[in-house]
Structure formats: C-alpha cells, structure tokens
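Trainee: I'd like to ask some things about the structure below.
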Amino acid sequence: MMHASSSDSGMTLTSGQLDAYLARIEVDRPVSLDVVSLSRLHRAHLMAFTWEALDAFMGWPSSIAPAVAFAKMVEGKRGGWCYEMNGLFGAALAALGFRVTRLCGGVDRETMGDIAIGNHLTLRIDLDRPYLAEVGLADAIVDPVPLAVGPISQRGFDFSISPTNDGWLRFNNHAKGIAHSFDFRPDHCDEAAIAATLGWLTQDPGSPFTNALAILRHTADGYVALKNDCLRKVTPDSVNEQRITSADHLADTFETIFKLDIPKSGDVWEKIQTIGRDEVA
C-alpha cells in the first residue's frame, strides 16, 4: 500500500500552531532535522503532555484530527491518547520538515487478531534510516528507536521489536507495561480503519476505554498511572500504589500529578464509583 506522509495528507500544523506547540513543550525550533533533534522533541512531548483516555471514559467528543488535538492539548490543559498524542506529534514534526508517515497499528493484535488493526496510530520518521516515533502507547519508550528488529533498553525498562509469523512487526512493551504489545508494518497506512476504530473505542460498551479511567504521565525515572481509583507510581525497580479516596482528592490528583485541567471532575469521580460498584456486584 502506498504510504501517505503527514505533510501530504493534510496532517500538519500551521506556522502559528507550530510556534505554540514548541512553546508548550518548551523546546526551540531545531536547527537540523536529525535523530538528536527528533529525540529531544520526542522526550519533551512526553514530559509535557499526559496520556489520557478521559473522553472515551466520559463519553465526551473525540477526533483523530491533529487540529482538534492541538486545540485540546496545546490551547487547553489536556492530554490525549494514541490518535491525539502521536497525531499531534506527527503534525508538528511534519511542520518542522521531518518526513513523517502515519502507520495504522494494532494494540494486542497477538491476542485479538486482525480486528485490532486500526486501534493504534504510530509514526515512522525517515532520516538517515527509518525510526519509530511512539509517544502514544502511554508507558513505553521515551526516545525514538530505529525501525528494526532487536532489543531496546531505555531508563532501565526493556522493550523489543520482533517479527510476527505473518509478516508484521511487533513492538513488545516492558514487563510492567499496560499494553503488552502492538503490531505494525513500516508501509501500512489506513486512515479509514483508524477512523472506524475510533468510533468503537469511544462509544462501544465493550471498549476497554469506556469501562475504565486510564491516565498516565512520564516522570524522571518512570511514570505515574491512574486506573479508576488506583494510582500507581512505577520505576524499573518498584511499584507503589495508593487509592484515590474522594472527588476532591481526584481533582487535586488531576491538577498536581497529571497537570490536567479536567472539567466536571466530580462527574468523573461519580462514574468511577459506579464502575467500582459494578465490579463488586
């Protein structure tokens, strides 16, 4: 299948949007388009934005358009999930002049099969060689990696890219990772599949994101993640958990730990309580 780059599919930012994005992640415009600049932007994006699937959990509107992600994440104090995190990052890279290809992937395709294809957007960046840029899998890599089979180690967490037996590549997350893996092909783009899967992920009662609150932010030595009322702080050597105990505690956690401005956080707490009661019953 012919690939569509971010720049030739309209998935890019205007000059003014790019300036605002760079200010938001606190990085100057790179002087050269190389892996050093890509890595600096990749890490800065992950440290500036929180991965969150709150819209799907609450039934709020969601879009795969980078312009919508820009308004939500750069102009608003929100984060995003794979379509938004990788979508916004890819659009910014394209505006800077990087050669970006939006790849249609599948999280947990190894267990779900091909129905998973489209539930993940990842990025191929062509420099001296192809690189995988991945800021949308929540708790995975913080720096881009060569798009090649082999082991990967970053900050004490071990990842790998391996071939599947049917011609795909599989990114394997670290042992404590929330998503175990995602499959992709270096030339497979399917915006229609991504758009169709967005609808299922945000609206179907069977979607994992409509049934549980999921939020994650990288830290200097690991990450902090919230699933419903359980807050986990993870490093390569430790996992510490605590419970969110009230609506005010949740609102404070959104603001201070995840740097999010969440409207109607009391409604989010009420839904978490409902999910918990349903699980006990």
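Trainee: Anything in the stretch 104-130 that is within 19 Å of TRP200 (Cα to Cα) and part of a strand (DSSP E or B)? List them, or say none.
Mentor: Selection gives CYS104, GLY105, GLY106, VAL107, HIS120, LEU121, THR122.
Trainee: Of everything in the stretch 218-257 that's in a helix (DSSP H, G or I) and of a type in the set (A, V, I, L, M), which residue is farthest from THR274 (Cα to Cα)?
Mentor: ALA251
Trainee: Could I ask something else about it? State the number of residues belonging to the stretch 106-122 that are at negative phi and surrounded by fewer than 21 Cβ atoms within 10 Å (Cβ to Cβ).
Mentor: 6
Trainee: Scan the stretch 37-55 residue by residue and report those that are among the small types (Gly, Ala, Ser) and surrounded by 24 or more Cβ atoms within 10 Å (Cβ to Cβ).
Mentor: Correct list: ALA53 only.
A quick yes/no check of all residues on (1) over 26 Å from TRP168 (Cβ atoms); (2) buried (at least 17 other Cβ atoms within 10 Å of the Cβ); (3) of a type in the set (Phe, Trp, Tyr):
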position	(1), (2), (3)
GLU26	yes, no, no
TRP60	yes, no, yes
GLU84	no, yes, no
GLY97	yes, no, no
CYS104	no, yes, no
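Trainee: Go over the candidates ASP190, ASP143 one by one and state the one that is in contact with a Lys or Arg (Cβ under 9 Å, 6 or more places away or on another chain), of a type outside the set (Phe, Trp, Tyr) and touching a residue at least 60 places away in the same chain (Cβ under 8 Å).
Mentor: On inspection, the qualifying residue turns out to be ASP143.
Okay, residues lined up against (1) of a type in the set (Gly, Ala, Ser); (2) more than 22 Å from ALA94 (Cα to Cα); (3) surrounded by fewer than 16 Cβ atoms within 10 Å (Cβ to Cβ):
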{"position": "ARG124", "(1), (2), (3)": "no, no, no"}
{"position": "VAL145", "(1), (2), (3)": "no, no, no"}
{"position": "ASP158", "(1), (2), (3)": "no, yes, yes"}
{"position": "ILE161", "(1), (2), (3)": "no, yes, no"}
{"position": "ASP166", "(1), (2), (3)": "no, yes, yes"}
{"position": "LEU169", "(1), (2), (3)": "no, yes, no"}
{"position": "ILE178", "(1), (2), (3)": "no, yes, no"}
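Trainee: Another question about this same structure. Within the bounds of the stretch 121-132, is there any residue that is touching a Phe, Trp or Tyr at 6+ places or on another chain (Cβ under 9 Å), β-branched (Val, Ile, Thr) and farther than 20 Å from PHE209 by Cβ?
Mentor: Checking the stretch 121-132: at least one residue is touching a Phe, Trp or Tyr at 6+ places or on another chain (Cβ under 9 Å), β-branched (Val, Ile, Thr) and farther than 20 Å from PHE209 by Cβ.
Trainee: Can you work out which of the residues in the stretch 203-229 that are charged (D, E, K, R) and more than 27 Å from ASP143 (Cβ to Cβ) is surrounded by the fewest Cβ atoms within 10 Å (Cβ to Cβ)?
Mentor: The selected residue is ASP204.
Trainee: Further question: Being within 21 Å of ASP158 (Cβ to Cβ), β-branched (Val, Ile, Thr) and surrounded by 12 or more Cβ atoms within 10 Å (Cβ to Cβ) is the filter here; which residues of the stretch 230-249 pass it?
Mentor: Selection gives VAL234, THR235.
Trainee: Okay, next question. Report yes if some residue within the stretch 80-100 is part of a strand (DSSP E or B) and farther than 22 Å from THR210 by Cβ; otherwise report no.
Mentor: Within the stretch 80-100, one or more residues are part of a strand (DSSP E or B) and farther than 22 Å from THR210 by Cβ.
Trainee: Kindly indicate whether any position in the stretch 208-229 is touching a Lys or Arg at 6+ places or on another chain (Cβ under 6 Å) and farther than 15 Å from GLU52 by Cβ.
Mentor: Taking every residue of the stretch 208-229 in turn, at least one turns out to be touching a Lys or Arg at 6+ places or on another chain (Cβ under 6 Å) and farther than 15 Å from GLU52 by Cβ.
No lab work stands behind these numbers, since they all come straight from the coordinates. Everything numeric here is computed off the predicted structure, so don't read it as measured data. Note that each Cβ is placed from the backbone with ideal geometry, even for glycine, and that neighbours are counted across all protein chains shown.
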